[in-house]
Each structure stands twice: as C-alpha cells, then as structure tokens.
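Here's the structure, in structure tokens; my notes come after.
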Amino acid sequence: MGSSSVKPFKDQKYQQLKQQCIAKGELFEDPEFPASDASLFYSGPPPRKVEWKRPKELCEDPRLFVNGISSHDLHQGKLGNCWFVAACSCLALRENLWQKVIPNFKEQEWNQKKPERYGGIFHFHFWCLGEWIDVVIDDRLPTVNGELVFCSSKDRNEFWSALLEKAYAKLAGCYEALDGGNTAEAIIDFTGAVAESIDMTRGTYARDISKQLKLFEDLLKVQRRGGLISCSVVPSSPSDFEVETEMGLIKGHSYSVTDIRKIRLGEKLLSCAKLEKLFMIRLRNPWGKTEWNGPWSDESEEWKKVSKAERTRLGLTVENDGEFWMTFEDWCKNFTHVDICRIVNTSIFSIHKTWEKKMMRGSWIRNADPLLNRSGGCSNNKDTFLQNPQYVFDVKKAEDKVLVSLQQKDRRIYKKEGKGNNFAIGFEILKVENNREYRMHKMHIQEQIFTSSYIDRRTVSLKVLLKQGRYALIPTTFSPGIETEFILRLFTDVPSKLRELTMDKPKPTCLDILRGFPQRVSQIKIHSAEGLQSQDRHGGASPYVIIKCENQKVSSPVQRGTVNAVFNTQAIFYRRNVQRPVIVQLWHHDICSDRFLGQVLLTASPSDPRDLQTLRLCGRGRREAEEMPGHITVKVVSSDDLVEL
C-alpha cells in the first residue's frame, strides 16, 4: 500500500505537519480534534474533570511499543468499547496487518537520542468505505488523577493502543461515539477484511456435532490464512449486559480468538500408541482479567492430561490475564455469536486460493421520479424494489463460489445529531438474461436466487455457489426512502465483470435513423428440451440452445449426454423489426462439427400467452414445415413499452 493510495483525513498531511512542528520547536496541537470535552462526549460534559496529558507527562520513558506488540498489551478503559479492544487484540496477532494500521512505526517511535525530532504527532491508517484514510492526531491523552481514562497498555510507558484509540475516536467524532459496537466492524476498518456473522444458537451448533466439526475446520482455515475471529454471548435482556455467567463469561462482551489448535493428550510412550486429540480454542477478555472457569480453565485438573512439552508449546500461563483455553464443544455451547473476518487473498503469487475482486461504489438516493429513484427498499416493497441501484455480473465456470459483501457508510459521526444508528441493509441475487445490459423494471419476470439477511449492521456478507450465467445484484436498505452511501464487493474464482446497470433502455444513436428505432422488448426463457434425436451409440446427445433475434444471438452451456436437457437460459432483445420472428435453435455439440437438432419460430407479440408453452421442433430453410424429433418448453414475455421489462 503506497502512500499515494492513502487519503489524508480532513486534508491533514502527517509529514508536512510534523516538519512544521520540528522546525518551530513546538509540539503538535490538533485543531481538528482539540483537547476539549467536545472530543470526549457528545451527550454532555464528562462526569469528572479530565486533564489532557502527553505521554512525557505520564512517564519518564514513553514508547509506542514495549517488547513488541502483543494481544496482551491492551486493557479496556472507562468506555463500552470492548469490541474495539477485542479487535486490537486480534490485530496484534498479525504483524503484516498491524503494520498497515500503524505505518512507519519505527519512524513514529520516540527517539531518545534525538528528542528534538519529536513533534508530538502520530498517524494511523484505517480502511473506510473502500479506501485507506490517514488520520493524524496529537499525543495529548485524556487522564484522571494521572491515569489514562480509556484504553491503556499493561506497561505504563507503552502507548500504541491509547494513541490508536484516539485516532479511531477522531474518525468517529469523539470518544463517546465508540461506546457500543461490533468487533467485526473495527477489524474491517483495520484490514479491509470481509466479515461473516454466525448466529450459533439459530445454527444449532451447541448440539450438532457435525456442524461443530465443520465450523472448527473452517475457523482453523481462516486463522491459518491470516483471518481474524471474535465472539460474544448476547444478553437475553438489557439488564443482563456485562453480567458474569456461572462459568466466568461476560454477557454482551466481545472476546478475541487468539488461537485454535488440535491438542495432543498424554505422553507418547510407545511408537504404536495413538494420542487422543482435542479440539481447543483460546480466547482473550479485553478487560485483561475475568476468565472462563469451566473445564480446561487455567488451573483445572484437565491440564494434567497434557504433557509439559505440549503445555509449553501452547503458551499456557496460569494467571488471571484474561486469556484462557476451552474445548471447541464448550465454546459452541456457551457463545451465541461469532464474527469471522476473512482477509480475502487476491494475490496471483499466493499458494492458497486466490479470488478475483471487483468493487463498486454506490448510493441510495430518493427521487420522486420512479425512473430516477434509487432508494426502493427491500423486495417486500414490490412496486419500488427495482428502483434500487442494479448491478450485473457473470459466472463463467460451470459453478463458482461467489462471496458478496455490502457495506454502508459508517454513521458514528452522526451520533452527535442523534442519527448514529446503522440502517438495516441487505441484497438480493437474481438470475437474469445472459445478455441483460439495461435496468429491470418488473420483478415477476426474474428468478430470485438468494436473499441475504437484513440487519442493522454496517456490513452484510453472503457466500454462495452459483451456476454459469448472468446474475443481478440489488443492494437495498430494508425500508424505502433512505439515503446513504455504500460499497459493494464481489469475489469470484474468475473475473466477473461486475458493472452497474444505469440505462433504462437503449439510447438512440445516429445509426438508428437508418436501421430504425427499437419498437418492442422481448424476454425469451428456454426452460428445457425433451425427446431429442440421439447422436451417439449410447443413445445420448450434447444439446445446447441458440436464441437469435435480428443481428444478436445468445447461446446456452452444453448439456452433456442427454436427450432431455434443462437449460434455464434467458435472453432479452430490443427489436426494431417486430415482423421478424425470434428463432430458437437446438444443436448437438460435436468435436468435428455441430449438428442441427431443430428449431422453433416465435412471434413474441405482447398478445401472446406469458405462461410456459411446449412447442414441437421443426426443420429450417426449405424444410421449415417439417417436424423433427423432440419439443422445447419456453416462456415468452413481450411489451411495446421498452421500460416494462
């Protein structure tokens, strides 16, 4: 990530400001985030008098890092941002990730030999709505009685966590705006990861052993590929918030997952002896204390089953430092939600699976004109749903895993105005015509394939397996009439050509004066073909469909080894000469030369029935009137209103 690709927040350029401070022999004072009550709280003055102090006023030898960076460094302060602290703990596990968030950390570190080079200024990088932002801060931190009010490190002279929290608070508008949140959101801001949330209760993970095994392998793979994981126990009522369970877990509290392992039990005394393996997970409480007290807690008897060498390898420490192990089965039974943040690999040089990434920026915008409105709400709002932004992409393989992530603009900055809550967002995936290039206007002619969850989270993601063809992605707010920005990210195995549909119908050109303007729009859907003539000694065929209209044609994938094929192939045509029929041909694919199997001619008139119809195959040319073996099932919808379909 080069410096040129990072955008300065509020147009504050770190190097420029630092050089100005050093030249003047002054320490930086940030006018955009001053040391005042307004930077602390938006709901009123702080309950106690807060003094803003620089690290040099809090200790003799301030450092950004003491003995490197660790997930054990952080302790949550007097702010309900355990979600942020848990994200920082996750971040500390991955050197390649935290070095993006804390850029040029060696250059930012205090230099005891050259104190004159210290300008009291730091900067951090955050990934905000698809772009990296550089946030500059001064080093004045809020304190009460000489102690940091908010996030701190276990070492009194280590300040990376407090400074990072201040930069994040500046981005959000003030410290109080960080009160309450989601760990996955902070991890996305640190890394640009793709987040997936799992409801453990709804997914019956507590009692389904097969689901537990699959989830364990999935999480192990995420961890090994550099992903970050967090989890929580959702309270059943507001009064349960931050209540400790009998097993020592805190409700409504975010825990960072710091390790996942298969642990060997016992000593291997004989070469033929098989060691039992236990699926285990290690967690950290952002408070830096209060741990799980059930089986496999720090001082439990179960650890006697594990060899000393294995305990050393696991880094087991018997102290109340907030970090603890538990079996994966117990974890599934006690935690209700897990957030999985995948660092999606797009590097062509990686040995692991790589993804093709495409990102689009968009906005939901209100307009009284239905053709211009782009805030139609979810598909419950049948009359306005297709007034949302529309995107199409292609699946080129027979099947492809597709990962979709929709993220709305962070609204914390609006908390001061009482409008800081996320909107409920989600998206629909529709199967559309193979040649669709213009916006859809009628819902009933399209097939809904997948619907994401609709939730008031900043990000909604979905991973699906799609068959070859063209698909539409419709990102929406749950309710119509809401305005905000979003980014849509699509990850596929091969390039998807994700693009927005912006036009409602073909735009007239000079050439149309000569060849005529489109008069009619026709949608042709080929459902299936049956009873085709066999083409090989096994009695099978390899049929495919070609749909022809004027100078355009759309082909289906080849169906192998069958005389009864299901195609589900769609095409849409904007027709100039409505007297010419739409031709649907069936062909057998052969290595040497493809063979004609029959065709049907469709008038595709608005008055034609719109139901599925089964038609007999005929010949072509001089043999057009002759019947051929087999028939084809089609659906035809036509209109002389070009913006109806």
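What follows draws every value from the coordinates through simple rules; no lab data is involved. The structure displayed is predicted, hence computed values, not measured ones. Note: ideal-geometry Cβ built from the backbone for every residue, glycine included; neighbour counts use all protein chains shown.
Some observations on this one:
- Principal-axis tilt of helix 160-172 within the chain, Cα atoms, nearest 10 degrees: 50 degrees
- Of the trypsin sites (Lys or Arg not before Pro) found in the range 15-88, the ones in coil according to DSSP and having at most 12 other Cβ atoms within 10 Å of their Cβ are Arg48, Lys49.
- Based on Cα contacts under 8 Å between residues 6+ apart, the chain shows a relative contact order of 11 percent.
- Contour excess over end-to-end distance, with Cα ends at Leu220 and Ile591 and 0.36 nm allotted per residue: 129.1 nm
- Amide hydrogen proximity for Gly598: with H placed 1.01 Å from N in the peptide plane, the residues at 5 or more positions away or on another chain lying under 5 Å are Leu586.
- Net lengthening on full extension, Glu147/Arg48 (0.36 nm per residue, minus Cα-Cα): 34.4 nm
- For the range 631-645, 3J(HN,Hα) computed residue by residue from phi via the Karplus equation (6.51, -1.76, 1.60; θ = phi - 60°) reads 9, 10, 10, 10, 10, 10, 10, 10, 7, 8, 9, 5, 10, 7, 9 Hz, glycine and proline entered as x.
- Distance-filtered residues of the range 592-618 - backbone nitrogen under 14 Å, label point 7 angstrom along Glu624 Cα→Cβ: 599-603, 618
- Distant-in-sequence amide H partners of Cys128 (H built 1.01 Å from N, under 5 Å): Ile133
- Sequence-separation-based contact order of the range 100-163, relative, with Cα cut under 8 Å and 6+ spacing, percent: 22 percent
- In this calculation the C-beta distance from Asn96 to Lys13 is compared with R0 = 30 Å, giving a FRET efficiency of 0.75.
- Computed [θ] at 222 nm, deg cm²/dmol, the chain (DSSP H ≥ 4; -39,500 (n - 2.57); rounded to nearest 500): -4000 deg cm²/dmol
- In terms of its alpha-carbon gyration tensor, the chain comes out prolate; a/c meets the 1.5 threshold, and the first ratio a/b outweighs b/c.
- Checking every one of the trypsin sites (Lys or Arg not before Pro) in the range 147-203 against DSSP loop status and a limit of 11 other Cβ atoms within 10 Å picks out Arg202.
- Sequence-ordered 3J(HN,Hα) estimates for the range 246-261 from the Karplus curve with 6.51, -1.76 and 1.60 and θ = phi - 60° stand at 4, 8, x, 8, 9, 6, x, 10, 8, 10, 8, 8, 9, 6, 9, 9 Hz, glycine and proline given as x.
- Fraction of alpha-carbon pairs over 25 Å apart in the range 514-639 - percent: 23 percent
- A Cβ-based charge dipole, computed about the Cα centre of the range 486-645 with Lys and Arg at +1 and Asp and Glu at -1, lands at about 320 debye.
- Exposure proxy shown here: for Leu612, Leu490, Leu586, Leu466, the number of other Cβ atoms within 10 Å sets the order, fewest to most, as Leu612, Leu466, Leu490, Leu586.
- Between Ala368 and Thr312, the distance separating the two model label sites (each 7 Å from Cα on the Cα→Cβ line) works out to 7.9 nm.
- Pairs from Lys7/Lys170; Lys262/Lys308; Lys214/Lys463; Lys505/Lys635 whose Cα-Cα separation, in the structure shown, is over 19 Å: Lys505/Lys635
- Gap separating the Cα centres of the range 415-475 and the range 573-645, nearest whole Å: 32 Å
- The trypsin sites (Lys or Arg not before Pro) found in the range 356-389 that occupy coil by DSSP, while having at most 14 further C-beta atoms within 10 Å, are Arg366, Lys382.
- Normalised contact order of the range 514-639, rounded percent, pairs of Cα under 8 Å and 6 or more residues apart: 31 percent
- Size of charge dipole - the range 153-207 - debye, nearest 20, with Cβ of Lys, Arg +1 and Asp, Glu -1, no other charges: 140 debye
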